[in-house]
Structures are given as structure tokens and as C-alpha cells.
Amino acid sequence: MRQGIFQIIENLPLARDIMSLRLGGDTGAIVRPGQFVNIQVEDCFLRRPLSVCDWDGDSLTVVYRIAGRGTELLAKMKNGSLDVLTGLGNGFNTALSGDRPLLIGGGLGFTPLYALAKNLIKEGKKVQVILGFASKEQAVYVDKFKALGCEVTVCTEDGSLGLKGYVTRAMEGLDYSHFYTCGPEAMFKAVSDCSLTSGQFSFEQRMGCGFGACMGCSCETLYGVKRICKEGPVLMKEEIKWRT
Amino acid sequence: MADMRVSLCGIELDNPVIPASGTFGYGYEFAELYDINVLGTFSFKGTTREPRFGNPTPRIAECTAGLINSVGLQNPGVEKVIEEELPKLANVFHKKVMANVSGFSVDDYVYSCEKLDKCEQVGWLEVNVSCPNVHGGGMSFGTSPEAAAEVTRAVKAVCRKPVIIKLSPNVTDIVSIALACQEAGADGISLINTLLGMRIDLKTRRPVVANRTGGFSGPAIFPVALRMVYQVAQAVKVPVIGVGGVSSAENVIEMMLAGATAVEVGAANLTRPYACRDIIKELPAAMEKYDISSLRDIIGGAIHG
């Protein structure tokens, strides 16, 4: 984990209530896709934890939904600097991907999967991606995944783009070596139930600190208590204790 | 040369800054960031007799100038703390640590305190009779003078090390509880724990934290904590640790003027991981600005004047 001051390079809407924020600064603490940053927004007490969508040596991108006061304030910032904790969480384990990994994003859950896809493609893997959105208007980043060289299937709940229905519909009949997913928790159980291989789930939880100090985001797993911010946010399918 | 040393129940601290229990884990997350030996000491995560997961999530809610938590004393239990956490801590922290203990019965407190009292690394026991997040435990002992005194007396009977009782602000008369603890043998009083609070999500129309209510902390509660420290410090003879919303070197000085011998920093650690290190760094300049050569000399300075 590293604390640093980042400059706002751009903070632009991608769709209604969906923003892309690119920050310039020292990204040296980010070592794996699936890690997150924790951003101090002026006039908010707690930081806002956001998944890293993409990063290079001196910049990082997060994609976020305007969902409350903190993200509303963040969306208004067009320039200036932000105090950011980087390199938080365990991130995805790419060593387990096999040669035909499947990436499944629900809503904004695609964000950590983008950097992951980039990594896996670089490693020469054949990457299949399923992106689920509420509707065509919310379907962002589809072309970006395609441009990486991924095989992309889009699902929308209302059928306005791609397959009509949930991501699990697109999983039927697919051949894959391992899967990675991020999205709403309701989707996770369905994905786990219809999956054929081992996989990794990136969880979300309200956090106090984001670096393991407060135990605010803990969850019970089959292998003991884990902090989503520290031992997570990525948990293996085999360790998840589903809430009944 | 600014003299920051204070004596807390007979043990000298290099400075009065102490990360508060529940905001600093067992120390090593922060030891990855800075040398935590710069601290006066720190109070480790509230420890109970049995391991506890704590309350369901979400456990955290944002507030103006603070947060609500309903963690509910998640900890691995006193045995694991002694076998696993303390040896790990020994690698990164070479001073005496403050052992924070919670319980659900007098026996629980006695059991955990007796074990921790024997640990060489432990300098003080901080007995939490004030956790607002667990039903039937913690705070119920801290809301009546008799119950607080009973816990104090029982713990004192099995401990050789200084016993500091951490009090709840969620009471009508905190002074009477502090006095009862002192009467029962407490070597010090720390206050305040969090204030009981809540937030409601306007979209779901449900409380934000799953436990519905939680403990409110952060800079917003500083004036309340300061007032209570001021009242208690006037009434008791034992040292008082000031806790609640402390976020700066100036806040430390203000708490000490109100009567605190040492000062705990809580919520600030969560949003600013370097908060305690920075406060310690800034203390000499703040002392110079307010013409203070030794922090010891200002303890309770606002009480008699």
C-alpha cells in the first residue's frame, strides 16, 4: 500500500451516471489486476474504494457510478489533485487462468476485469468475456475489450443489446479453463452454480479504512474470517460461504 | 527542545500519542507503512475470551466529520492473540503495548485479563466496559457505577499491571462511573468510547449498518470527548487518557489541557494511515507555538486557572 497525491487527468462521463476518472501519479504499488485504490474526496470523511480498471507506469483509470454524495462530489472534480491509497487488496491470480479463461462482468463489475484481460492477453491466453448490463445505454467498455482481442458476448436485461437476459445465459455451452468475475453479489451465486471450473470472485463491501485496520469489511469464508480489503477483494470459488 | 514524555501509570511514554483500540489492528498493517516505535504505545484490537466474527456487514457508515462502525469486537480470541498476534507484533514493536479487553461477564474479563497480564509485551490492560456494538456485554458494564466497579475489582484482583478502565459516553453521569472505578482500584481511566449513533439510507429506507446502530467516532465527537475528559479529570486522582476525535497535534494539546495524561487517536488512523506518525512529528512545532516546553506541565492546565 502506498499513499500518494494524484493529478486529475480527466474525469468524463461514459454513460448516464457512469464516470471514467484518469489520475496521474506514482502507480508503483499496483502489482495485480483486481486491486483497488481508496480516494479521499474533499468534504467526505471516509475514502471511496474503487477498483483499478487500467493502469500504466504513471497513470491509472477507475470507472465509477455516481451512487451517493461521495461519488457526486468526485464527479464534479475536473482538475486538481486527489489523495489516493494505491495497491490495496490481493487482486486476481493470473497464474490459475489456464489457456482459455472466461471473464464475467455484471454492470460496473467489468472494471477490474479490463486490466485483467489486458494482462491475460499479454500472456498469450485466449480470453473470453461476458459483459452483462441493464440496457444498451449502460453498456460501456464493450469495444475496449474487443480492441484488446477478447471474444466478447454482451447480455442486457432488457435485450436492447446482445443476448436478452443474465450473464449465466451466455455461460451455457462455453468451454473455458478458469473464470474470473466481478459484479453484484446476487449474480455471484448464479455464476458459481452454473460454472464448470474453479474461479475467482471480486467482492465489494463498505469499508472504513481499506487497508486492514478496522475490520469493517470482514466476511466469513470456509477457511476462516477474511477482510475484503486485505485478504480480498478476490476470493476463490472454493472458499466462499454463500449467504443463505 | 520540546519534551513530549509523559508517565502513564508508572510507565514512561516517549510521547502521549496512542492509536486507539479497533483502529490499529494488532499493529503490523501500520508497521508496513512506518516505524510504529515512534508511538507512545498503542492499544490493540479489543480482545475477548472466545474468538468473535462480530456483527453482520455492512458495518460502516459515513457521517459528517466521522463514521459509524458496528464491527462488534471481531477478534481471534485471547489465546490466539497471545500465541500468534503478540509474537508477530514483537518483530515490529519493541515498547510495551496496551492490551484492550472486552467481555460478556465478569468471568470473561477476569479470564482474558489474567492471561494478558502475564505477557511480557503488555504494559497496561485497557478494560473496555463500553462497546456499544454487542448486546448483553461491554457497555452494560459501563453504564452503571456498580457494574463498572465490579469488573474493575475482579480484574484488579488478578492483574499486577496497571488496569485502565475505558468508559462509555452513552451515560447520564460519567463522573460517577469514573469515581466508582477509581474506588474499585482502577489505575487509570480512558474516555470516551464511541457515541451510539445511526444513519439511514434514503434509497432503501433502511439503516446503513446491518446492526442498525453503531458507534460514532471521528472529529465530530472531539468537543464531547473533551468535555467529558475535563469533567472526569477534575474528579479523579488517577491518570486519564483522552480519546475521541483527536486528529492533530493541537487536539492532543487541547485534550491534555483538559486533564489527559495521554491521548488516543482513533478514526484518524482509518482515513490517514500516517495520522499518528504525523501528529507526533507536528507536536514539537505546536508546543513551540503555544509556548510549551514540556507536555507534562500542561496536563489539566485548563482545570485550575
**Study point:** With Cα atoms, 0 to 90° folded angle of helix A:185-194 axis to chain A main axis
**Key:** 30
**Study point:** Gained length - A:LYS164 relative to A:ARG100, 0.36 nm times residue gap less alpha-carbon distance
**Key:** 20.6 nm
Check your understanding: Assigning unit charges at the beta carbon (Lys, Arg +1; Asp, Glu -1) and nothing else, what dipole magnitude in debye, to the nearest 20, does the protein assembly as shown show about its Cα centre?
Key -> 1000
Point to revise | Value at 222 nm in deg cm²/dmol, rounded to 500, when DSSP H runs of n ≥ 4 in chain A each add -39,500 (n - 2.57) | key: -5000 deg cm²/dmol
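Taking other Cβ within 10 Å of each residue's Cβ, how do B:THR172, B:THR194 sort, fewest first?
Sorted ascending by nearby Cβ count, the order is B:THR172, B:THR194.
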Study note, to complete from the structure: Within 10 Å of the Cβ of an average residue in A:43-49, the count of other chain Cβ atoms is 5
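Using a Förster distance of 56 Å, how high is the FRET efficiency between B:HIS304 and A:LYS189, based on the Cβ-Cβ distance and rounded to 0.05?
Working: r = 64 Å, r/R0 = 1.14.
The calculated FRET efficiency here is 0.30.
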Check your understanding: Using helices alone, what [θ] at 222 nm do you get for chain B, with -39,500 (n - 2.57) per DSSP H run of 4 or more residues, divided over all residues and rounded to the nearest 500?
Key -> -8500 deg cm²/dmol
Point to revise | Mean shadow area of region A:123-244 over all directions, Cα convex hull, nm² | key: 8.9
Revision key, fill the gap. The simple spin-label model distance between A:ASP83 and B:MET1, using points 7 Å out along Cα→Cβ, in nm, is 3.2
Revision key, fill the gap. Relative contact order of chain B (C-alpha contacts under 8 Å, at least 6 apart) in percent is 20
Point to revise | Dipole of region A:94-202, positive end: most advanced residue of A:CYS194, A:LEU148, A:TYR166 [Cβ charges, Cα centre] | key: A:LEU148
Check your understanding: Going down the list B:LYS96/B:LYS166; B:LYS166/B:LYS289; B:LYS118/B:LYS166; A:LYS122/A:LYS241, which pairs span over 26 Å between their C-alpha atoms?
Key -> B:LYS166/B:LYS289; A:LYS122/A:LYS241
Point to revise | Likely footprinting exposure, B:GLU120, A:GLU151, A:GLU238, B:GLU264, fewest C-beta neighbours within 10 Å first | key: B:GLU120, A:GLU238, A:GLU151, B:GLU264
Review point. Could you give me the ³J(HN,Hα) list for region B:236-243, computed from phi with Karplus coefficients 6.51, -1.76, 1.60 and θ = phi - 60°, whole Hz, x at Gly and Pro?
Key: 9, 9, 6, x, 10, 9, x, 9
Practice item. Just report the Cα centroid separation between region B:1-73 and region A:167-244, whole Å. Key: 29
Review point. Over chain B, what is the percentage of antiparallel beta bridges among all DSSP beta bridges, to the nearest 5?
Key: 40
Review point. Rounded, prolate or oblate: which fits region B:1-48 when a ≥ b ≥ c are the square roots of the eigenvalues of the alpha-carbon gyration tensor, with rounded for a/c under 1.5 and prolate only if a/b beats b/c?
Key: oblate
Review point. So for the pair A:GLU137, B:GLU114, with labels modelled 7 Å out along Cα→Cβ, what separation do we get in nm?
Key: 6.7
Point to revise | Whole-Hz ³J(HN,Hα) from phi, Karplus 6.51 cos²θ - 1.76 cosθ + 1.60, for region B:69-81, glycine and proline x | key: 10, 10, 4, x, 6, 4, 6, x, x, 4, 4, 5, 4
Revision key, fill the gap. Taking Cα pairs closer than 8 Å and at least 6 residues apart, the relative contact order of region A:203-244 in percent is 35
Review point. Does chain B come out rounded, prolate or oblate by the C-alpha gyration tensor, with a ≥ b ≥ c the root eigenvalues, rounded set by a/c under 1.5 and, if not, prolate when a/b is larger than b/c and oblate if not?
Key: rounded
Exercise for review: Rounded to the nearest Å, what's the spacing between the alpha carbon centres of region A:68-131 and region B:210-247? Just the number, please.
Suggested key: 41
Study note, to complete from the structure: In degrees, nearest 10, the alpha-carbon axis of helix A:110-122 is tilted away from the dominant principal axis of the alpha carbons of chain A by 70
Practice item. Report, for region B:187-305, the % of DSSP beta bridges that are antiparallel, rounded to 5. Key: 45
Revision key, fill the gap. Projected area averaged over all directions for the convex hull of the alpha carbon atoms of the protein assembly as shown, nm², comes out at 25.1
Exercise for review: Please give the peptides A:100-106, B:28-34, B:224-230 ranked by average Cβ packing (other Cβ atoms within 10 Å per residue), highest first, as a rough proxy for protection.
Suggested key: A:100-106, B:224-230, B:28-34
Study note, to complete from the structure: Percent antiparallel among DSSP beta bridges confined to the protein assembly as shown, nearest 5, equals 55
Point to revise | Principal axis dimensions, region A:26-125 - Cα atoms, whole angstrom, descending | key: 46, 28, 21
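Only the coordinates and a few stated rules stand behind these numbers; no lab work does. Given the structure is predicted, the values throughout are model-derived calculations rather than measurements. Every residue, glycine as well, gets a Cβ built from its backbone with ideal geometry; the counts of neighbours run over all protein chains shown.
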